[in-house]
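Colleague: Please see the structure below; I have some questions.
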Amino acid sequence: MTASRPMTVVQLLPELQSGGVERGTLEIAAGLAAAGHRSIVVSGGGRLVAQLEQDGSRHVQMPVGSKSPVCLPCVWRLRQLLIREKADILHLRSRMPAWVGLAACATIPPPMRPRVVTTFHGFYSVKAYSAVMTKGDRVIAVSQLVAHHIQSQYHVPRNRIAIIHRGVDEAAFCPDRVSADRVAALRHQWQLSAAGGPTILLPGRITELKGHDVFLNSLSRLQHLPWQAVCVGGSENKRHHHLSLIRLADTLGIGNRVRFVGHCSDMPAAYLAADIVVSASSTKPEAFGRVSIEAQAMGKPVVATAHGGSLETVRDGHTGWLVPPGNAAAMSAALAEAIGHPDTCRRFGENGRHWIAERFTARQMCDRTMALYRRLLTPDTPDREQTSERRALTVVQMLPELQSGGVERGTLELGAFLSRQGHRSLVISGGGRMVPQLESEGSRHITLPVGAKSPACLPAALKVRNLLAREQADILHLRSRIPAWVGLLAVKMLPPARRPHVVTTFHGIYSINRYSAVMTRGERVIAISDMVADHIRTHYDVPDGRIRIIYRGVDDALFCPETVQPGRIEALKRKWQLDPRKGPVLLLPGRITEWKGHDVFIRSLGRIRHLPWQAVCVGTAEGKSNHLQTLQDLAQRVAVRDRILFAGHCTDMPTAFMVSDIAVSASSLEPEAFGRVAIEAQAMGIPVVATAHGGSLETVRDGRTGWLVPPGDAAAMAAALADAITQPDKRRRFGENGRRWVKSSFTTRTMCEKTVAVYDALVFRQATENP
């Protein structure tokens, strides 16, 4: 197949009635048709055929899912179809159709035979019948958990497995597209009352697997709190279980507060009618589970059982609560917290929308699936994703802790990227509040005191050595100085043939001494900016061939103006008491510390008192209350105290940038090695006024995306701010330029791809030198 010719893709499944497999098939089919490819679906038919054909695919009816002799003629009919249509890809989505499909392919001459893809949609029983799903040229797993099941039970090589999560249709599951009338009609139908307290929704078929009994028992512990609950889902063939749940609710004394409403044809409105959504599967983990991603896409917090797909789709303490399976007491405690803290629910809901938009959309699922098809059809074309599939790496990153900060965020971003690309990601640190997020994104965390500046770090070296050997690590990535000493000692204790390749990252301008020189010992030394690279060359005499400049990146799915809802913007404006009549909003994000240049910013504002503006300084003052008071006193002296808000910590920086007109990066005493403020602001389309040293020289384009001013020069900063305030057209133009600039050079994906390319080059070089 040439790269320009459209693909012909044939998907096989038993029927097109309802369910996750069917919806995924329709989404891929629609994506193929929209991209100009030919999409054919073979099934026994069903009510979804009309939608399939409406979306541009062709349906061919065959009983390929029939577990009877009637499926035998399908082998010949399918063979003829594949030859006649010159199929490029045959995608098998269920076991019986897979047997039919593989038999048909076996009778086709190899030059005419399509490439075969299979999808594991769940945990099939481990037997020869199910093993057919491992026979594809590539095997798609819908979650990390399913991938592990395939590897452990069927011993499929990791390079044949592609993890592609299911996705939610972001056009249908979008709060802004659901009218208030739809929600009101559903609440009326379900007899929900505003006086009844928060609405708790459990979507799922009435079956023993969905945990309705655990849910009801958890609610019985909350009778002292205000709430009303709705269980949405059909009870076909489970009428006896349905009646037993109704009796259980009555026995527990909550029958009048729980409604079993049956099937719902408008789930987007159902989620909006609720305040809290529950995924309670208890006896058996779900391979993925759409409820959690649909609820989060609709901006709702989720209480889910901590097994199966929920471990990958729900971020505990960030988008919802994870509770042990079958534990009614734990679920009750989580629900009580949700009921009692509506602000937390709102924050989790907002976080959930970002999380789903970033990782679990139908568009992303389709794009990754089609990319997999193309790679199979062009096996000699090298690209990063194909390389990742051919060589799954085991990467160990080490840093002191996972509390907060740029180093930590970069570690999490790379760990998530590695996991999504099918690599194994391990992180060693002393722990911290970011560990749950790390693990929810597919990495494994090992707690060791590798950042302790004491003898306690020495025993850790032996533990690291054993872990590197046991996990057969390909790469050891050292991100801080004490962990680097520990890591290099661990590597030296290994036999040379078993040592991983070592990569170090200079995240800043370290003091020049032997202690810091450890960061130059990597086979490759990553510098996060040109300035840092010059520092390494100048002070440590590291050859250029060992240095790689990889800029930090901004998450362009999170820092994207289109994902920030108007309601969030209005809420933050009210909170900060911003008034458009007072002029443009000047935003300075950064911790309250002597390094961030707040004093220069305030003095510059004193020089432009005659202009209309309002200013917000966002950032904590932990341990710096005296400095905060000093800044407030300075603002009073230059007569601008009533026009500046010191807003403290902000949990929603994308919205913070959206309520501003100009962002300021004022660091003056010491240049920042990179600085995320400038790229985050530009990603949001906000022009930047920044000091002309350090990373800003590389991230802000003077006269195109912002203004660069000499460090510590309040007069120059005042002149730049005056220019920005008085020229809104220039601000808009700089903002548009900034978005394009960040998109082309400073995204998280670019950062991660370049880092993995460094890993890949080291491992590939070793493989070619030692065949």
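Colleague: Rank these by accessible area, largest first, 1.4 Å probe: K743, K238, K300, K492.
Modeller: The ranking, largest first, comes out as K492, K743, K238, K300.
Colleague: Hey, what's the Cα Rg ratio for region 698-755 versus the globular rule of thumb, 2.2 N^0.38 Å?
Modeller: Against the empirical 2.2 N^0.38 Å value, I get 1.36 for region 698-755.
Colleague: Could you calculate, for region 148-277, the ratio of the Cα radius of gyration to the Kirkwood radius, expressed as Rg to Rh?
Modeller: Using only Cα positions, Rg/Rh for region 148-277 is 1.08.
Colleague: Quick check: net charge around H148, other residues with Cβ under 13 Å of its Cβ, Lys/Arg +1 and Asp/Glu -1?
Modeller: With Lys, Arg at +1 and Asp, Glu at -1, the net is +2.
Colleague: What number results when the radius of gyration of the chain, computed over Cα atoms, is divided by 2.2 N^0.38 Å?
Modeller: Cα Rg divided by the expected 2.2 N^0.38 Å: 1.03.
Colleague: Stokes-Einstein at 20 °C, 1.002 mPa s, Kirkwood radius from Cα pairs: D for region 227-268 in µm² s⁻¹?
Modeller: Value of D from the Cα-based Kirkwood radius: 194 µm²/s.
Colleague: Then there is this: With a 1.4 Å probe and all protein chains left in place, how much accessible area per residue does region 48-190 have, in Å²?
Modeller: 46
Colleague: I would also like to ask the following. So, how do all the Cα-to-Cα distances of region 443-528 break down into 10 Å bins, in percent, from 0 on up?
Modeller: Histogram of Cα-Cα distances, whole percents per bin: 18, 51, 29, 2.
Colleague: How large is the charge dipole for region 626-729, taken about the Cα centre, if only the Cβ atoms of Lys, Arg (+1) and Asp, Glu (-1) carry charge, to the nearest 20 debye?
Modeller: Charge dipole, region 626-729, about its Cα centre: 120 debye, nearest 20.
Colleague: Where does the chain land at 222 nm, in deg cm²/dmol rounded to the nearest 500, when only DSSP H runs of n ≥ 4 count, each adding -39500 (n - 2.57), divided by all residues?
Modeller: -13000 deg cm²/dmol, from helical runs alone.
Colleague: Under the Karplus relation 6.51 cos²θ - 1.76 cosθ + 1.60, θ = phi - 60°, what is the ordered set of whole-Hz ³J(HN,Hα) values for region 414-424, x standing for Gly and Pro?
Modeller: Result, ordered by residue: 5, x, 5, 5, 4, 5, 5, 8, x, 8, 9 Hz.
Colleague: While we're on this one: Hey, if we sort H212, H165, H188 by accessible area with the 1.4 Å probe, largest down, what's the order?
Modeller: H188, H165, H212
Colleague: For region 617-692, what is the accessible area per residue in Å² when the probe is 1.4 Å?
Modeller: Here the residues of region 617-692 average 37 Å² of exposed surface.
Colleague: How large is log10 of I(q)/I(0) for region 31-80 at q = 0.14 Å⁻¹ when the intensity is taken from the Debye formula with one equal scatterer per alpha-carbon?
Modeller: Here the Debye-derived log intensity ratios amount to -0.41.
Colleague: Tally up the carbon and sulfur contribution to the accessible surface of the chain as a whole percent, 1.4 Å probe, everything protein left in place.
Modeller: Using a 1.4 Å probe with all protein chains present, the chain comes out at 52 percent carbon and sulfur.
Colleague: S94 accessible area, nearest 10 Å², 1.4 Å probe?
Modeller: 30
Colleague: Quick one: accessible surface of T520, probe radius 1.4 Å, all protein chains present, in square angstrom to the nearest 10.
Modeller: Approximately 10 Å² of T520 is accessible to the 1.4 Å probe.
Colleague: Then there is this: Cross-link candidates for K238: which lysines have Cα within less than 27 Å, leaving aside residues fewer than 8 places away along the same chain?
Modeller: Result set, ordered by chain and number: K67, K210, K284.
Colleague: If Rh is defined by the Kirkwood formula over all Cα pairs and Rg also comes from Cα, what ratio Rg/Rh do you get for region 384-484?
Modeller: Rg/Rh for region 384-484 comes to 0.97.
Colleague: Taking the full set of protein chains and a 1.4 angstrom probe, give the accessible area of Y129 in square angstrom, rounded to the nearest 10.
Modeller: The accessible area comes out at roughly 60 Å².
Colleague: Enter the accessible area per residue of region 203-242 (Å², integer; probe 1.4 Å; all protein chains in place).
Modeller: 46
Colleague: Follow-up. Given the C-alpha centroids of region 551-602 and region 615-679, what is the distance between them in whole angstrom?
Modeller: If you average the Cα positions of each part, the centres end up 9 Å apart.
Colleague: Note down the relative contact order for the chain as a percent, whole number, built from C-alpha pairs under 8 angstrom at least six residues apart.
Modeller: RCO, the chain: 7 percent.
Colleague: Bin width 5 Å, origin at 0, all Cα-Cα pairs of region 292-371: what percent of pairs per bin?
Modeller: So the P(r) values, bin by bin, are 3, 17, 25, 22, 16, 9, 4, 3, 1, 0.
Colleague: Further question on the same structure: In vacuum, with every alpha carbon of region 532-686 counted as one equal point scatterer, what does the Debye formula give for log10 I(q)/I(0) at q = 0.09, 0.15, 0.16, 0.18 Å⁻¹? Two decimals, please.
Modeller: Each listed q corresponds, in turn, to -0.35, -0.85, -0.93, -1.11.
Colleague: What do you reckon, how do W355, W76 stack up by accessible area (1.4 Å probe), largest on top?
Modeller: Listed by decreasing accessible area, they come as W76, W355.
Colleague: With all distinct Cα pairs included, what does the Kirkwood hydrodynamic radius of region 5-112 come out to in Å, to one decimal, could you say?
Modeller: Kirkwood hydrodynamic radius for region 5-112: 13.7 Å.
Colleague: When the distances between all Cα atoms of region 672-771 are binned every 10 Å from zero, what whole-number percent does each bin get?
Modeller: All Cα pairs considered, the percentages come to 16, 37, 23, 12, 8, 4, 1.
Colleague: Work out the length of the dipole vector of the chain about its Cα centre, built from +1 on the beta-carbon of each Lys and Arg and -1 on the beta-carbon of each Asp and Glu, and round it to the nearest 20 debye.
Modeller: My answer is approximately 1240 debye.
Colleague: Sticking with this one: Quick one: what do you get for region 442-586 if you divide its Cα Rg by 2.2 N^0.38 Å?
Modeller: Normalised Cα radius of gyration, region 442-586: 1.47.
Colleague: Just to check I understand the Karplus step: with θ = phi - 60° and J = 6.51 cos²θ - 1.76 cosθ + 1.60, what whole-Hz values come out for region 675-687, glycine and proline as x?
Modeller: x, 7, 4, 5, 6, 5, 4, 5, 4, 8, x, 10, x
The values are calculated or read from the model by the stated rules, or taken from the named source; none is laboratory data. This one's a predicted model, so the numbers in the text were calculated from it and none came from an experiment. Positions of Cβ are generated from backbone atoms using ideal geometry, with glycine treated the same way; all protein chains shown enter the neighbour counts. These area figures cover heavy atoms from the full protein model, side chains too; ligands, DNA and RNA do not enter into them. Shrake-Rupley method; radii C 1.70, N 1.55, O 1.52, S 1.80 Å.
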